[in-house]
Amino acid sequence: MSSSQVDHGAAPVVSLESLRQAGREPSLPFALTLPEGGRLEFTRLLRLLPGKRLAGLALWNGQPAFAKLFVGADARRYGERERAGLAALATANLPTPDLRFAGPIGECGYLVLTAFLDGAATLKEQQSTPREPQPVLSAMHLLGRLHGAGLVQQDPHFGNFLLYRGQLLLIDGDGVRADASASGQLANLARLLAEMEPAWDGLRQELLQGWGRQVDANALESAVAAARQRRLRRFLTKTVRDCSRFVVHKEFRRFTAVLREQWPALQSLLSAPDAAMASGECLKDGGTCTVAAIEAGGQRLVVKRYNLKHWRHALSRAWRPSRAWHSWQAAYRLHFYGIATPRALALIEERRGALRGRAFFIAEHCPGISLRDLLDSAQEPEPAIQQALHELFQLLHRLHITHGDLKASNLLWHDGRIVLIDLDALTEHRSQSSFVHAWRRDRTRLLRNWPTDSTLAQWLERVLPG
């Protein structure tokens, strides 16, 4: 955000208690009176932990600054931790924004102000790829310097690396701790590597060279795998609870989860999904599943309704997560791993207390072409599709993920990637034996789409993992 975008108008003065009670939507702009007559005016929030912490762009006595405001009973403890962490980075001569002010305000607040860096962006916002790894290699080098100074970042992620005028800086002093032990630093390294999608794993040696320290490869691999699974479990838990990314409503007769950014646009659809489907384009009308393409919130969506055929079917499904629930979590599992699938927007389950009934899964429509229509059985795929197929199936095999219904119509070619759809039966296996059997079924189902003696089927037979 440029300095020209900062609102220099007057703002109402609010109390810390009102900010604590404002939840996710404090009214902007607002101002605070600081000790010794100073004034702070928040103009834009970038991060928010309701009732505990607000961070964003502000005017400090008329000058732009980045403000992190802690509120509540633990404000002083967290604020002091932030101040001490930034001071430790500065003492170690590690690049970090200049500290402008840090101290308590009122009885239940603590304010930390750092320099406003016009045009800065985090590496998370940069979205580096394995084909353009230099920003991530720079982050690994900076992490190595942090560890060399006997420090770790407790929650290392690419949102804590700030790129400003070609220089990489560390932010979030709250997570900085002293730890010079080899085990502590290996665990810290593993947590950052686990933040990356598995497609980065092939660059592990280059990343370690950037880090600049020796490490036991087997120990690191185990630590990364464990850290990645912990992150996945936390992430999937967030998809079905109210948080900064998802709006979740749990009532006696209904459970709804929706991407927070989509909540305003999908209100009418979520309130009457059957009516929306009836007015849309029917794509499939089966006994257990009905699929329709609709227009809602200015976008084309696909709504999948999971039906109940009769009372016995209803009873068998009542005690289990619905297929819509499974598709919702499967979509975000693939998203976590960087595997292409249409973005899941909402989940609805009709309920009676703990008993589940019909369910709806709502996702973006993918305009891609199915492999059934795209590929010619008489020839091998073109090189770009060959590479995409090879990368996808190698990754699925390495992650022990099976689709469960690998028809060619469930694989779409779009924007240079293979996109997986129809995720009802997608599974990430914990047992090697169950994976081997399920993988063979997937493999056989895909090959069955084309004649066994065709050029395409023979090519797939050669390149698909066994």
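Being within 19 Å of LEU301 (Cα to Cα), out of contact with any helix residue (DSSP H, G or I) (no Cβ under 7 Å at 6 or more places or on another chain) and acidic (Asp, Glu) holds for only one residue in ASP373, ASP415, ASP422, and it is ASP415. So is GLN458 out of contact with any strand residue (DSSP E or B) (no Cβ under 9 Å at 6 or more places or on another chain) and either among the aliphatic types (A, V, I, L, M) or free of Cβ contacts under 8 Å to residues at least 60 places away in the same chain (or both) or not? So GLN458 passes the test. Going through the range 114-163 one residue at a time, which ones are out of contact with any Pro (no Cβ under 7 Å at 6 or more places or on another chain), open to solvent by less than 40 Å² (accessible area, probe 1.4 Å) and not in a helix (DSSP H, G or I)? Across the range 114-163, the qualifying residues are ALA120, ALA121, THR122, PRO133, GLY150, LEU151, VAL152, GLN153, PRO156, PHE161, LEU162. Of all residues in the range 266-280 being in a loop (DSSP other than H, G, I, E, B) and without any contact (Cβ under 8 Å) to a residue 60 or more places away in the chain, which is surrounded by the most Cβ atoms within 10 Å (Cβ to Cβ)? Here the residue is GLY280.
When residues in the range 50-84 are screened for being touching a residue at least 60 places away in the same chain (Cβ under 8 Å) and either open to solvent by 40 Å² or more (accessible area, probe 1.4 Å) or β-branched (Val, Ile, Thr) (or both), 5 of them pass.
Residue-wise test of (1) in a helix (DSSP H, G or I); (2) free of Cβ contacts under 8 Å to residues at least 24 places away in the same chain.
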residue	(1), (2)
GLU206	yes, no
ALA227	yes, no
LEU236	yes, no
PHE255	no, no
GLY287	no, yes
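Scanning the range 168-198 for residues that are touching a Pro at 6+ places or on another chain (Cβ under 6 Å) and open to solvent by 20 Å² or more (accessible area, probe 1.4 Å) yields a count of 1. Here the condition is being more than 23 Å from GLU428 (Cα to Cα), among the charged types (D, E, K, R) and in contact with a His (Cβ under 9 Å, 6 or more places away or on another chain); of ARG352, ARG300, ARG358, it holds for ARG300 alone. Going through (1) in contact with a strand residue (DSSP E or B) (Cβ under 7 Å, 6 or more places away or on another chain); (2) modelled with pLDDT of 95 or more; (3) under 26 Å from GLY353 (Cβ atoms) one by one, ALA275 falls short only on (1).
For the range 6-29, the criterion of being open to solvent by 50 Å² or more (accessible area, probe 1.4 Å), hydrophobic (A, V, I, L, M, F, W, C) and under 31 Å from the mean Cα position of the chain (by Cα) is met by at least one residue.
Considering (1) open to solvent by 20 Å² or more (accessible area, probe 1.4 Å); (2) within 17 Å of HIS335 (Cα to Cα); (3) part of a helix (DSSP H, G or I); (4) touching a residue at least 24 places away in the same chain (Cβ under 8 Å), the lone condition that ALA223 does not fulfil carries the number (2). Cβ-Cβ distances below 6 Å connect the following pairs, each with a first residue in the range 426-443 that is surrounded by 16 or more Cβ atoms within 10 Å (Cβ to Cβ), a second residue that is β-branched (Val, Ile, Thr), and a separation of six or more residues or different chains: THR427/THR402; GLU428/ILE401; ALA438/THR402; TRP439/THR402; ASP442/THR402. Here VAL258, VAL247, VAL302 are screened, and the one residue that is touching a Phe, Trp or Tyr at 6+ places or on another chain (Cβ under 9 Å), open to solvent by 30 Å² or more (accessible area, probe 1.4 Å) and under 30 Å from ASP415 (Cβ atoms) is VAL302. The residue that is nearest to ARG177 (Cα to Cα), among those in the range 85-102 that are open to solvent by 20 Å² or more (accessible area, probe 1.4 Å) and in contact with an Asp or Glu (Cβ under 9 Å, 6 or more places away or on another chain), is ALA90. Residues in the range 65-102 that are within 19 Å of LEU163 (Cβ to Cβ) and modelled with pLDDT under 95: none.
Looking across the range 444-465 at every residue that is open to solvent by 40 Å² or more (accessible area, probe 1.4 Å) and in a helix (DSSP H, G or I), the one that is farthest from LEU396 (Cα to Cα) is identified as THR455.
In this entry, VAL215 is excluded by the filter for residues that are open to solvent by less than 30 Å² (accessible area, probe 1.4 Å), β-branched (Val, Ile, Thr) and without any contact (Cβ under 8 Å) to a residue 40 or more places away in the chain. Please state which one of ALA384, ALA378, ALA346, ALA340 is touching a residue at least 24 places away in the same chain (Cβ under 8 Å), of a type in the set (Gly, Ala, Ser), under 23 Å from ARG441 (Cβ atoms) and out of contact with any Asp or Glu (no Cβ under 6 Å at 6 or more places or on another chain). ALA340 is the lone residue from the list that is touching a residue at least 24 places away in the same chain (Cβ under 8 Å), of a type in the set (Gly, Ala, Ser), under 23 Å from ARG441 (Cβ atoms) and out of contact with any Asp or Glu (no Cβ under 6 Å at 6 or more places or on another chain).
Please enumerate the residues belonging to the range 416-452 that are among the acidic types (Asp, Glu) and modelled with pLDDT of 95 or more. Listed by number, the residues that qualify are ASP422, GLU428, ASP442.
The values are calculated or read from the model by the stated rules, or taken from the named source; none is laboratory data. Since the structure is predicted, the reported quantities are computational estimates derived from the model, not experimental observations. Counting neighbours? That spans all protein chains shown, and the Cβs are built from the backbone with ideal geometry, glycine included. Side chains included, ligands, DNA and RNA excluded: accessible areas come from the protein's heavy atoms. Shrake-Rupley method; radii C 1.70, N 1.55, O 1.52, S 1.80 Å.
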